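I have placed the structure first, in the form of structure tokens, so that the comments after it can refer back to it.
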Amino acid sequence: MAVTGDETETGTSGDLTACQLHNSSSSLPQGEAEASGRSSQKHSESIAKRELRLMKNREAARECRRKKKEYVKCLENRVAVLENQNKTLIEELRALKDIYRHKVE
DNA sequence: ATGCACCCGCGTCACCTGTA
DNA sequence: TACAGGTGACGCGGGTGCAT
């Protein structure tokens, strides 16, 4: 699976949260603590956004493949029908030719 | 039993297109 | 113009048939 990007991202996110936990408990000035809180919130929001996007795309891909399969099956059915039709018409033509030949003779 | 080629389905990314 | 959804392309893992 091509999860490399995902893995690296979740990996870094894991590291970050660990760092953030450490930072919040350490003696950071209030301004910096708030700023880091905001940035960590932004970060987790963007991660959530990405996960939502991936989830939606996963389902979209599944649906897209299902539709494509159905479409191909439909085309295959159509081919079968047309082949039968062609066979029947060829038979009909042969019979008509026969009739015509007998009339001429 | 094992190695190999092939197929299938999946998740993800990148791109395109339609819509608000 | 930003955003959402559809889809082709790619790489991966698992299943299967076949030759050795």
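Condition check ((1) at pLDDT 95 or above; (2) open to solvent by less than 80 Å² (accessible area, probe 1.4 Å); (3) among the small types (Gly, Ala, Ser)) across all residues:
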| residue | (1), (2), (3) |
| --- | --- |
| A:Ser46 | no, yes, yes |
| A:Lys67 | yes, no, no |
| A:Ile90 | yes, no, no |
| A:Ala95 | yes, yes, yes |
So which pairs qualify, if the first residue must be in the stretch A:39-55 and assigned to a helix (DSSP H, G or I), the second must be open to solvent by less than 100 Å² (accessible area, probe 1.4 Å), the Cβ gap must be under 6 Å, and the two must be at least 6 apart or on different chains?
-> A:Ser40/A:Gln20; A:Ile47/A:Ser13
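The values are calculated or read from the model by the stated rules, or taken from the named source; none is laboratory data. The structure displayed is predicted, hence computed values, not measured ones. Ideal geometry is used to build each Cβ from the backbone, glycine not excepted, and the neighbour counts take in all protein chains shown. In case anyone asks, the SASA skips ligands and DNA or RNA and just uses the protein heavy atoms, side chains included. Shrake-Rupley method; radii C 1.70, N 1.55, O 1.52, S 1.80 Å.
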